[in-house]
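The values are calculated or read from the model by the stated rules, or taken from the named source; none is laboratory data. No experiment lies behind these values; they were computed from the predicted model shown. Here the Cβ positions follow ideal geometry from the backbone for every residue, glycine too, while neighbour counts run over all protein chains shown.
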Amino acid sequence: MVAFSAFVVGALFSQTWAMPAVSQNAAVGSAATPTVASTSLPVAAAQLDQLAELAYKTTTDNVAGDSDLEKRSGCTLGNLRIRRDWRIFSAKQKKSYISSVVCLQKLPSLTPPEVAPGARSRYDDFVATHINQTLGIHYTGTFLAWHRYFIWNFEQALRNECGYTGDYPYWNWAADAHDLESSEVFDGSDTSMSGNGAATNTTGDIQLSLGTYPVIQLPTGTGGGCVTSGPFKDYKVNLGPVALMLPGGKTSSAANPLAYNPRCLSRDLTTAIVQAYANYTSVVDLILSNDDIWNFEMNMQGVPGSGSIGVHGGGHYSMGGDPARDVYVSPGDPAFWHHHGMIDRTWWIWQNLDLEKRQNAISGTGTFLNMPESANTTLDTVVDIGYAGGEPITMRDLMSTTSGPFCYVYL
Ligand SMILES: *[C@@H]1O[C@H](CO)[C@@H](O)[C@H](O)[C@H]1NC(C)=O
Ligand SMILES: *[C@@H]1O[C@H](CO)[C@@H](O)[C@H](O)[C@H]1NC(C)=O
Ligand SMILES: *[C@@H]1O[C@H](CO)[C@@H](O)[C@H](O)[C@H]1NC(C)=O
Ligand SMILES: [Cu+2]
């Protein structure tokens, strides 16, 4: 059992996130690979497309070629899966993905009741594991690889236990940074991951604090109450809360985070948050101005003290509500998997810009911001997602999307 410390893990911040290195006149339409993020959002959008195309080409060339890595794992162009932007799924494809998630929420849990009495569904197995390991998988050396394995196993559960045959989706935050409520992920239609929560009258900001770093204030959104529309309006969040951030700087936590505590899914869609931290310039700058893995993973999560929550925090907190504002319980929001698809895609793009240096780059330790101090994460470090599924696996096998257990690319 982890220590549920009083300090708020929801706080993601940064101290050296200086102004991004940006340029107003990055060449678009030219074949040259961008090296500096544009502050013009449409230009940065084109830059992101270009970087993603490059990563796609690098990955598929390697799979088609004779690379030992891919050969060993049996990943070929024939069985390579393509992960896609939710916006290009057809209505039928969206419904098929959604019904497989609903299916997982109805299958019985594999977690023994004495381990997590509140885990009632197969879906909850994933939430329980994430709660259990939160302090060992965020601001650690395993952050990116752990979540890569976690969402891949979620995909396997959808396929093997609920018959899903479609593609794994991702949510391109930046495409919705101007208006979250019209996002195809959050518009509340029957092809969305459900929409906003009912409007509430709460006042005051969300206040993220961590140790002695300055508090980060985040605005609240247009909802705040229970989700009233879309496929997940009757879904119950069963576990937590653990460190739920509420308006006015309040927090909420249950005595036993793994006990049965069924409640509605709530949301508080906050366009201002995704706009401020996960726009096209933010994503491209994250990819282009962090040459080593430490800076990349820290800026993605928000460097403590910098005032930034990074694209990772931007995506989570922009959904708002319960459990999206609770780092521990966040997979309990069914849009978690779309968000982490984009996190993994961003890492994949970054890796493919310099595979030789970045494919196996790891930095960090086994504990949240190395508190308490722990050993450095290495390629031999084992990742184990418990009852969620999969076998314990070494970091070595999680570094490429086309080796180890994986065989996928992003479009
Ligand atoms: C939490 O982790 C411990 C140590 O790995 C494990 O024994 C326990 O079963 C886990 N609990 C859950 C809910 O996964
Ligand atoms: C985009 O995000 C960055 C931080 O990542 C922020 O500094 C900038 O103001 C944002 N741009 C817009 C147009 O909101
Ligand atoms: C752990 O990593 C840090 C940062 O890369 C490095 O300075 C340190 O020497 C490493 N410690 C060990 C025991 O390898
Ligand atoms: Cu997480």
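Some observations on this one:
- If you go through the range 62-86 and keep only what is at pLDDT below 90 and surrounded by 12 or more Cβ atoms within 10 Å (Cβ to Cβ), you end up with Ser67, Leu69, Glu70, Lys71, Ser73.
- Screening Leu398, Leu369 for residues that are more than 15 Å from ligand 3 (Cβ to nearest atom) and among the aliphatic types (A, V, I, L, M) leaves exactly one candidate, Leu398.
- Considering the range 170-210, the residues that are more than 26 Å from Val102 (Cα to Cα) and acidic (Asp, Glu) include one that is surrounded by the fewest Cβ atoms within 10 Å (Cβ to Cβ), namely Asp179.
- Put simply, of Ser189, Ser194, Ser183, Ser229 the only residue that is on the phi > 0 side of the Ramachandran plot and at pLDDT 95 or above is Ser194.
- Top-ranked residue of the range 125-174 - restricted to ones that are in contact with a strand residue (DSSP E or B) (Cβ under 9 Å, 6 or more places away or on another chain) and of a type in the set (Asp, Glu), ranked as farthest from Asn299 (Cα to Cα): Asp167
- Checked against (1) more than 13 Å from ligand 4 (Cβ to nearest atom); (2) among the polar types (S, T, N, Q); (3) outside any helix (DSSP H, G or I), Thr140 passes all but a single condition, namely (1).
- Filtered residue count, the range 113-127, keeping only those that are more than 19 Å from Phe154 (Cα to Cα) and without any contact (Cβ under 8 Å) to a residue 40 or more places away in the chain: 2
- Some residue of the range 319-338 being within 16 Å of ligand 3 (Cβ to nearest atom) and either within 11 Å of the chain's Cα centre (by Cα) or not basic (Lys, Arg) (or both): no
- Residue in the range 170-191 that is polar (S, T, N, Q), touching a residue at least 40 places away in the same chain (Cβ under 8 Å) and within 30 Å of Asn256 (Cβ to Cβ) present: no
- Filtered residue count, the range 135-163, keeping only those that are in contact with an Asp or Glu (Cβ under 8 Å, 6 or more places away or on another chain) and closer than 20 Å to Tyr97 by Cα: 3
- Given (1) free of Cβ contacts under 8 Å to residues at least 40 places away in the same chain; (2) outside any loop (DSSP other than H, G, I, E, B), number of the condition Asn201 does not satisfy: (2)
This table checks each residue for (1) under 20 Å from Pro392 (Cβ atoms); (2) within 16 Å of ligand 4 (Cβ to nearest atom); (3) part of a helix (DSSP H, G or I); (4) touching a Lys or Arg at 6+ places or on another chain (Cβ under 8 Å).
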site	(1), (2), (3), (4)
Ile98	no, no, yes, no
Val102	no, no, yes, no
Gly118	no, no, no, no
Val127	yes, yes, yes, no
Thr134	yes, yes, yes, no
Tyr149	yes, yes, yes, no
Leu158	no, no, yes, no
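- Restricting the first member to the range 320-341 and to residues that are more than 11 Å from ligand 4 (Cβ to nearest atom) and in a loop (DSSP other than H, G, I, E, B), and the second to residues that are among the basic types (Lys, Arg) and modelled with pLDDT of 95 or more, the beta-carbon pairs closer than 6 Å and six or more apart or on different chains are Gly320/Arg267; Gly321/Arg267.
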